[in-house]
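*Asks:* One structure, as structure tokens, below. Some questions next.
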Amino acid sequence: MGFESLTGRFSAIVRNLQGRGRLTPENIADSLRDVRIALLEADVGLDVVKEFIDKLSVTAEGTAVTASLTPGQALIKIVRDQLTELMGEESSGLDLSAQAPVVILVVGLQGAGKTTTVAKLSKWLIDKKKKQVGVVSCDTYRPAAIEQLRVLSSQVAANYYPSTNADLPIDIARRAYEASRRAHDDVLIVDTAGRLTVDAAMMKEISGLHEALSPHETLFIVDSMMGQDAVMTAKSFNDALPLTGIILTKTDGDSRGGAALSVRKVTGKPIKFLGSGEKMDGLESFHPDRIASRILGMGDVLSLIEEAEEKVDIEKAAVVAKKIKSGSGFDLQDFRDQLDQMSKMGGVKALLGKLPGMGNVNNPVQDQVNDGAMVKLGAIIDSMTVKERQFPALIKGSRKKRIAAGSGTLIPDVNRLLKQFDQMQKMMKKMSKKGGMKNLMRGMGGQVPPNFPRS
């Protein structure tokens, strides 16, 4: 999730406190002013900011800095605890403890990403909870939404129950429920119609569906890029429906994070998931403590480990690790496999965002990393023969021309890949020597490694 502006601000606050002997009323006041500005610029609501700063002030002024903490570390710990409390303390998952099929009603404005989220949630339930899932669209105003759900449901292996714009939404829902029960689904996810703005007709229709289905979960889907508008819309839906949770979508396009910091406080309902991108696996459980750490540039190592356990091919990783340790045998096919692994985990930037300290890396260095270049590198390697991948030294003039043509790239692109791979091999050899990793990191001096995909 994008919190770049907040992370940058908080990093500056910590730097300003470095070297101070202790927390004083003066430097606490200065830091709180900076925190207030950072939150307001992130589009967090004024009432939420005021209450947050008041709590922070009381806690900070009553905190003694222990011998193991600097003033900067002490304040950041306080801010982290308060951010975690603001966003809900603990992760709140789906409650599936009801008679099957457990009904999940999905509501939200048009364009918030409801239909895509229904498919992502289906995949999450199928893959992580081993549930059989059925889906149905009650959006009779947009035939395209019905067709979109049909297509997406086949991609994620969910049971699709058909509907048409000639049917009444309540009839569609009842028919789908009976079909889902006969199919022995564990969960039935019901997609609903939206409008560009909240209106009485929409709320009446959704309330009727809610009454007919008695859903165990009623999830509000909200576009995080709407900022405070998202929060106010969530409040309107919460006033009209007994919501059980919120899913924030398009979080990869929101660098401010104001919605995530405000919506729980305003509605009193937990954020259950964060959605990003168009890929069906772009849905992650919301952990307030991990998000707070990410905002403060501390990384999110737990989520990184969980992703690695789910998405990394352990056998391939072990083979590559052995080659790296020996400093030999690492070829372009191994490089291609590593690009695939990074892509499965959201790309290089997503990985960097979860590593401790990377929130403090300045933008020019982060800008060197280009996920789009990974696709180009993969295409170039795919255009090589097996022998060329094993022995890159074979790739000369005519071979370069063929590879460039086959991958839709230029000869300079092929040259750049071969140069990066040569640098990578040299780096592997350094790492295989005694004290190699320590010397390598010292030599890099905080720069992006030469083998990272760049534009």
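The values are calculated or read from the model by the stated rules, or taken from the named source; none is laboratory data. What you are looking at is a predicted structure, and each value in this text was computed from that prediction instead of being measured. Cβ: placed from backbone, ideal geometry, glycine included. Neighbour counts: every protein chain shown.
*Asks:* Which ones in region 92-116 are modelled with pLDDT of 90 or more and over 23 Å from residue 174 (Cβ atoms)?
*Replies:* Residue satisfying the conditions is 116 alone.
*Asks:* Next question, about the same structure. When you go through 105, 121 one by one, which is the residue that is closer than 24 Å to residue 271 by Cα, aliphatic (A, V, I, L, M) and in contact with a Phe, Trp or Tyr (Cβ under 9 Å, 6 or more places away or on another chain)? Step through it out loud before you land on a result.
*Replies:* Values: 105 fails: in contact with a Phe, Trp or Tyr (Cβ under 9 Å, 6 or more places away or on another chain).
It is 121.
Per-residue answers, yes or no, for (1) in contact (Cβ under 8 Å) with a residue 60 or more places away in the chain; (2) assigned by TED's automatic domain parsing to the domain that holds residue 44; (3) in a helix (DSSP H, G or I):
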| residue | (1), (2), (3) |
| --- | --- |
| 96 | yes, no, no |
| 116 | yes, no, yes |
| 155 | yes, no, yes |
| 165 | no, no, no |
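*Asks:* Any idea which of 126, 104, 146, 172 is in a strand (DSSP E or B) and not aromatic (Phe, Trp, Tyr)? Quick ask: steps written out before the conclusion?
*Replies:* Values: 126 fails: in a strand (DSSP E or B); 146 fails: in a strand (DSSP E or B); 172 fails: in a strand (DSSP E or B).
Matching residue, one of 126, 104, 146, 172: 104.
*Asks:* Moving on to the next point. Can you pull out the residues in region 37-49 that are under 13 Å from residue 261 (Cα atoms) and in a helix (DSSP H, G or I)?
*Replies:* Here is the first cut: in region 37-49, the residues under 13 Å from residue 261 (Cα atoms) are 38-49.
Scanning region 37-49 gives 38, 39, 40, 41, 46, 47, 48, 49.
*Asks:* For residue 192, state whether it is of a type in the set (Val, Ile, Thr), over 11 Å from residue 101 (Cβ atoms) and touching a Pro at 6+ places or on another chain (Cβ under 7 Å). Give the steps one after another, and end with the answer.
*Replies:* Values: of a type in the set (Val, Ile, Thr): yes; over 11 Å from residue 101 (Cβ atoms): yes; touching a Pro at 6+ places or on another chain (Cβ under 7 Å): no.
The answer is no for residue 192.
*Asks:* While we're looking at this one, here's another question. Please enumerate the residues belonging to region 277-307 that are at pLDDT 80 or above, small (Gly, Ala, Ser) and not in a loop (DSSP other than H, G, I, E, B).
*Replies:* 285
*Asks:* How about region 336-455: which helices (runs of 4 or more DSSP H) wholly inside it have at least 1 residues that are modelled with pLDDT of 65 or more, among the polar types (S, T, N, Q) and surrounded by 17 or more Cβ atoms within 10 Å (Cβ to Cβ)? First the steps, then the outcome.
*Replies:* Values: elements: 348-353, 363-367, 371-382, 386-390, 397-407, 411-432, 436-444.
So the answer is 397-407, 411-432.
*Asks:* Further question on the same structure: Got a sec? Which of 171, 186 is of a type in the set (Asp, Glu), surrounded by fewer than 23 Cβ atoms within 10 Å (Cβ to Cβ) and more than 33 Å from the chain's Cα centre (by Cα)?
*Replies:* Values: 186 fails: more than 33 Å from the chain's Cα centre (by Cα).
Being of a type in the set (Asp, Glu), surrounded by fewer than 23 Cβ atoms within 10 Å (Cβ to Cβ) and more than 33 Å from the chain's Cα centre (by Cα) holds for just one of 171, 186, which is 171.
*Asks:* Can you name every residue in region 250-276 that is more than 12 Å from residue 45 (Cβ to Cβ), among the charged types (D, E, K, R) and either in contact with a helix residue (DSSP H, G or I) (Cβ under 7 Å, 6 or more places away or on another chain) or modelled with pLDDT under 80 (or both)?
*Replies:* Of everything in region 250-276, those that are more than 12 Å from residue 45 (Cβ to Cβ), among the charged types (D, E, K, R) and either in contact with a helix residue (DSSP H, G or I) (Cβ under 7 Å, 6 or more places away or on another chain) or modelled with pLDDT under 80 (or both) turn out to be 250, 252, 254, 256, 269.
This table checks each residue for (1) among the basic types (Lys, Arg); (2) assigned by TED's automatic domain parsing to the domain that holds residue 265; (3) surrounded by fewer than 21 Cβ atoms within 10 Å (Cβ to Cβ); (4) part of a helix (DSSP H, G or I).
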{"residue": "190", "(1), (2), (3), (4)": "no, yes, no, no"}
{"residue": "229", "(1), (2), (3), (4)": "no, yes, yes, yes"}
{"residue": "234", "(1), (2), (3), (4)": "no, yes, no, yes"}
{"residue": "239", "(1), (2), (3), (4)": "no, yes, yes, yes"}
{"residue": "242", "(1), (2), (3), (4)": "no, yes, yes, no"}
{"residue": "247", "(1), (2), (3), (4)": "no, yes, no, no"}
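*Asks:* Quick check on my filter: what residues within region 93-105 are surrounded by 20 or more Cβ atoms within 10 Å (Cβ to Cβ) and more than 13 Å from residue 134 (Cβ to Cβ)?
*Replies:* Taking region 93-105 first, the residues surrounded by 20 or more Cβ atoms within 10 Å (Cβ to Cβ) are 94, 101-105.
Of everything in region 93-105, those that are surrounded by 20 or more Cβ atoms within 10 Å (Cβ to Cβ) and more than 13 Å from residue 134 (Cβ to Cβ) turn out to be 94, 105.
*Asks:* Additional query: Considering only region 125-155, state which residues are in contact with a Leu (Cβ under 9 Å, 6 or more places away or on another chain) and crowded, with 21+ Cβ neighbours inside 10 Å.
*Replies:* 125, 133, 134, 135, 136, 137, 138, 139, listed by residue number.
*Asks:* While we're on this one: Only one of (1) within 23 Å of residue 123 (Cα to Cα); (2) in contact (Cβ under 8 Å) with a residue 60 or more places away in the chain is not met by residue 183, so which one is it?
*Replies:* Just one mismatch for residue 183, condition (2).
*Asks:* State all residues of region 205-241 that are free of Cβ contacts under 8 Å to residues at least 40 places away in the same chain and within 18 Å of residue 142 (Cα to Cα); if no residue qualifies, say none.
*Replies:* Answer for region 205-241, where residues must be free of Cβ contacts under 8 Å to residues at least 40 places away in the same chain and within 18 Å of residue 142 (Cα to Cα): just 205.
*Asks:* Taking the condition of being among the small types (Gly, Ala, Ser) and closer than 15 Å to residue 220 by Cβ, how many residues in region 167-203 meet it? Write out each step before concluding.
*Replies:* Going through region 167-203, the residues among the small types (Gly, Ala, Ser) turn out to be 173, 176, 179-180, 183, 193-194, 200-201.
Among the residues that remain, those that are also closer than 15 Å to residue 220 by Cβ are: 193-194.
Number of matching residues: 2.
*Asks:* What is the one condition in (1) closer than 22 Å to residue 231 by Cβ; (2) over 23 Å from the mean Cα position of the chain (by Cα); (3) among the acidic types (Asp, Glu); (4) at pLDDT below 85 that residue 61 does not satisfy?
*Replies:* Just one mismatch for residue 61, condition (1).
*Asks:* Out of the residues in region 17-33 that are more than 24 Å from residue 290 (Cα to Cα) and outside any loop (DSSP other than H, G, I, E, B), state the one that is modelled with the highest pLDDT.
*Replies:* Restricting to residues being more than 24 Å from residue 290 (Cα to Cα) and outside any loop (DSSP other than H, G, I, E, B), the top hit is 33.
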